[in-house]
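Some notes on the structure that comes next.
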Amino acid sequence: MNKEPCFVCGGEAMVIFITVDKHDVRCSRCGKYIFRDGLNEADYKDLPLEKKEIISKYVKEYNKATNEWAQLGDIDELWMKIEQFNRSRKKD
């Protein structure tokens, strides 16, 4: 495990490089997630703080609700996943 910046918040996180395009990330602020496709990393760095907080909250809530790790990668797909997750939680 290496200490690297979190892809979401930029804070220190434990990162395991599973493959070149797949990282196991454990961030004390955001939670646990799998980050896929390093080409998408720049999209996360350019996000305003408000959107980073939305993603961080999603990861934490996803971890709690499913006992699984969130899957992050393409930012457009992630917004759809967040929307679906929030809708399903409102139904419960």
Next item on the list: Scan segment 82-92 for residues that are surrounded by 15 or more Cβ atoms within 10 Å (Cβ to Cβ) and of a type outside the set (Phe, Trp, Tyr) and report the count.
Entry: 1
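Let's see how each residue does on (1) among the acidic types (Asp, Glu); (2) without any contact (Cβ under 8 Å) to a residue 40 or more places away in the chain; (3) surrounded by 12 or more Cβ atoms within 10 Å (Cβ to Cβ):
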residue	(1), (2), (3)
Phe17	no, yes, yes
Asp24	yes, no, yes
Ala70	no, yes, yes
Glu77	yes, yes, yes
Met80	no, yes, no
Check: Are any residues in segment 30-58 at pLDDT 95 or above and over 14 Å from Gly10 (Cβ atoms), and if so, which ones?
Finding: Gly31, Lys32, Tyr33, Ile34, Glu50, Ile54, Lys57, Tyr58
Next item on the list: Among the numbered conditions (1) touching a Lys or Arg at 6+ places or on another chain (Cβ under 6 Å); (2) closer than 20 Å to Lys81 by Cα; (3) not β-branched (Val, Ile, Thr), tell me where Gly11 comes up short.
Entry: (2)
Check: Does Gly10 qualify as being surrounded by 17 or more Cβ atoms within 10 Å (Cβ to Cβ) and on the phi > 0 side of the Ramachandran plot?
Finding: no
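The values are calculated or read from the model by the stated rules, or taken from the named source; none is laboratory data. Just so we're clear, the structure is a prediction, and the values are computed from it rather than from any experiment. Ideal geometry is used to build each Cβ from the backbone, glycine not excepted, and the neighbour counts take in all protein chains shown.
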